[in-house]
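The values are calculated or read from the model by the stated rules, or taken from the named source; none is laboratory data. The structure displayed is predicted, hence computed values, not measured ones. Here the Cβ positions follow ideal geometry from the backbone for every residue, glycine too, while neighbour counts run over all protein chains shown. Surface areas here come from the heavy atoms of the whole protein model, side chains and all, with no ligands, DNA or RNA. Shrake-Rupley method; radii C 1.70, N 1.55, O 1.52, S 1.80 Å.
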Amino acid sequence: MTFDPNIPTAQTGTKELYSPVRPKERNWNTQSTPIVQAKTVTGNSLVVVISIMCFLACLTAGTVYLINQSAAAWTDDIASEVTVQLSFDQTTNIDDKLSKISFFLTNQQGVNGVRPLPVEESTALLEPWLGGAANLNDLPVPRLIAIELDRTSPPNMDTLRNGLKKNFPQAVLDDHRRWQSQIQTVTRSLALGGLAVLILVGSATTGIIVSATRSAMASNREIVEVLHFVGATDRFIAREFERHFLSLGVRSGLVGATGALLIFIFMPYFMRLLGGGNMTSAEIRRLLGTAALDMPGFILLGIVVIVIAALCMLTTRYGVYRILNSQHH
Amino acid sequence: MIRLENVALRYGRGPEILRDVNFHLRPGSLHFLTGPSGAGKTSLLRLLFMSIQPTRGLIHLFGQNVTRITPSRRADLRRRIGIVFQDFRLLNHLSTWENVALPLRVTGKKTQDYQEDVTDLLQWVGLGERMYALSPVLSGGEKQRAAIARAVIGKPELLLADEPTGNVDPQMARRLLRLFIELNRLGTSVIIATHDHQLMQQFQAPRLELHDGRIHQVG
Ligand SMILES: Nc1ncnc2c1ncn2[C@@H]1O[C@H](COP(=O)(O)OP(=O)(O)OP(=O)(O)O)[C@@H](O)[C@H]1O
Ligand SMILES: [Mg+2]
């Protein structure tokens, strides 16, 4: 057999074998094309669907957070204030009685301040239930005394209640404990409901990503095959797919979170636009506090985005492993 | 290096393509694998590449039993094997350069570490001008050379080539075969499946001949 003098021999070494002539000028094209192309993996409709999922998750998490915040503020207020209610009695001068009770309360241990509410204020409190009718003044409206407690050394409620009862039988002490526990029950069930919604959204997202992974693997079958031929591990192949799903998760997550944020910012205006009037926005404020997210609220939305993105990525990884294990090349 | 014991192969419920195949190849050997079309040359190479499993018998590679192998061990072993497919199997959306670099890329090496090697090898197989062309625009012979370059870029211990000179002119065929011979001199074991009698005459090397599902060693 005859050898071409241009072709190197073993003595020249591997380097030389690959490079008999080393050109000076070279166009280094270091930028590498992704092995799995984004367009074969994550279409626009997938981005839309995952964005909607993230939007719903952020909306739920944000709402539950706001409700919890305002409920905490409520129970806090309520805890530091108790009222004494004096039922209407035609035989006695009620204002006189009111000041006597106030005087009694002022001298009790653990009471910081006492404020008998004027009759107008009491009727104002009833207005939402009875309407602002002019004849409200004629009704036997019970009178109230607001007591501000010393939070550092609160009084024993039972002692206070019994002392009051002994001296003034018509006066009833209301420490709002019932309200407090009711508010807690309501917020707790709202939080549980929110959690259920989050779990549903999470499961739906996982399901969507599982089927998207399956179709991405199917449309990249030949590429996966070639990767196996050149010695790629399943880990490497999974990473090629994961990348796209992670970026899908992050992009959709940000879109969804931004949407939810806009809702939180503009919700009061929306309500007014829909014809609810000022009353509605006041009611929302009563339920959701100021309806404005604070820093921990933003962080919560950030966490939702991170969880969605991680869910997309890990679901894909797991899906790719499962599919690869079920086939041989 | 390679040892087959009583290997038999059939696809599904079809006839036995291979039966009682026994042979042993030492490290650093170079063999031609011949036989009529449909004799099972590609099938035998696929067995050695662990793409399919034998119906019966044992296959040993690099001193390890690979008859039934886990995917992760197979990926490890495949990094020590270069393969040239009869139908090339290049990735259409990658450039020639990227296709050839693929075996190195999947090991997680940095591009800078193999940039020169890939470019030099492409020059050597005559694809210096076609480095950044996507593989669908390459001619049959160019694809074949890219496939060969991809098989040898990782300096494999074993090279399996299925009809590597089927689409090139005799001069390029000789050039490519010299590449294999050079690799072989550097220690790579080589198996070349081919019909090309002229080539086999030019390069005297022992042959494995497939007939009726059996191997006959010649030379
Ligand atoms: N995946 C498959 N399923 C079923 N039968 C197959 C499969 N692959 C190959 N065969 C059959 O096995 C036999 C051997 O095929 P193989 O490709 O190994 O032959 P070959 O020697 O490489 O032929 P050629 O020289 O034409 O490439 C053929 O009869 C073919 O039809
Ligand atoms: Mg064949």
Hey, B:Val84 open to solvent by less than 20 Å² (accessible area, probe 1.4 Å) and in contact with a helix residue (DSSP H, G or I) (Cβ under 6 Å, 6 or more places away or on another chain) or not: yes
Hits in the range B:87-105 (condition: buried (at least 19 other Cβ atoms within 10 Å of the Cβ) and among the acidic types (Asp, Glu)): B:Glu98
Filter result for A:Ala191 (modelled with pLDDT of 95 or more, open to solvent by 10 Å² or more (accessible area, probe 1.4 Å) and more than 14 Å from every other protein chain (Cβ to nearest Cβ)): no
Taking the range B:106-119 and keeping residues crowded, with 21+ Cβ neighbours inside 10 Å and within 8 Å of chain A (Cβ to nearest Cβ) leaves B:Val106, B:Thr119
Return the total of residues in the range B:33-54 being more than 14 Å from chain A (Cβ to nearest Cβ) and more than 9 Å from ligand 2 (Cβ to nearest atom). 5
Tell me, which residue of the range B:58-80 that is within 26 Å of B:His211 (Cα to Cα) and of a type in the set (A, V, I, L, M, F, W, C) is farthest from the other protein chains (Cβ to nearest Cβ)? B:Leu58
A:Val226 versus (1) surrounded by 14 or more Cβ atoms within 10 Å (Cβ to Cβ); (2) within 28 Å of A:Ala310 (Cβ to Cβ): which is the lone unmet condition? (2)
Between B:Asp120, B:Asp113, B:Asp87, B:Asp76, which is under 27 Å from A:Thr40 (Cα atoms) and of a type in the set (Asp, Glu)? B:Asp87
Could you tell me which of the residues B:Thr34, B:Thr55 is in contact with a Leu (Cβ under 8 Å, 6 or more places away or on another chain), under 22 Å from B:Glu209 (Cβ atoms), within 16 Å of ligand 1 (Cβ to nearest atom) and open to solvent by 40 Å² or more (accessible area, probe 1.4 Å)? B:Thr55
Please verify whether the range A:67-76 includes one or more residues that are at pLDDT 80 or above, in the same structural domain as A:Pro140 (by TED's automatic domain parsing) and surrounded by 14 or more Cβ atoms within 10 Å (Cβ to Cβ). no
Which numbered condition trips up B:Gly126, out of (1) open to solvent by 10 Å² or more (accessible area, probe 1.4 Å); (2) away from ligand 2 (no atom under 16 Å from the Cβ); (3) within 22 Å of B:Phe23 (Cα to Cα); (4) in contact (Cβ under 8 Å) with a residue 24 or more places away in the chain? (3)
Pull out all pairs, ordered by first then second residue, where Cβ-Cβ is under 9 Å, the residues are six or more apart or on different chains, the first lies in the range A:238-265 and is assigned by TED's automatic domain parsing to the domain that holds A:Ile50, and the second is charged (D, E, K, R). A:Ala238/A:Arg317; A:Arg239/A:Arg317; A:Phe241/A:Arg317; A:Glu242/A:Arg317; A:Phe245/A:Arg317
Name the pairs: first residue in the range B:34-51 and without any contact (Cβ under 8 Å) to a residue 40 or more places away in the chain, second residue in a helix (DSSP H, G or I), Cβ to Cβ under 9 Å, at least 6 apart or on different chains? B:Met50/B:Arg74; B:Met50/B:Leu77; B:Met50/B:Arg78; B:Ser51/A:His228; B:Ser51/A:Phe229; B:Ser51/B:Leu45
Restricting attention to the range B:163-196, and to residues there that are at the interface with chain A (Cβ under 10 Å from one of its Cβ atoms), open to solvent by 10 Å² or more (accessible area, probe 1.4 Å) and among the aliphatic types (A, V, I, L, M), which single residue is nearest to ligand 2 (Cβ to nearest atom)? B:Ile181
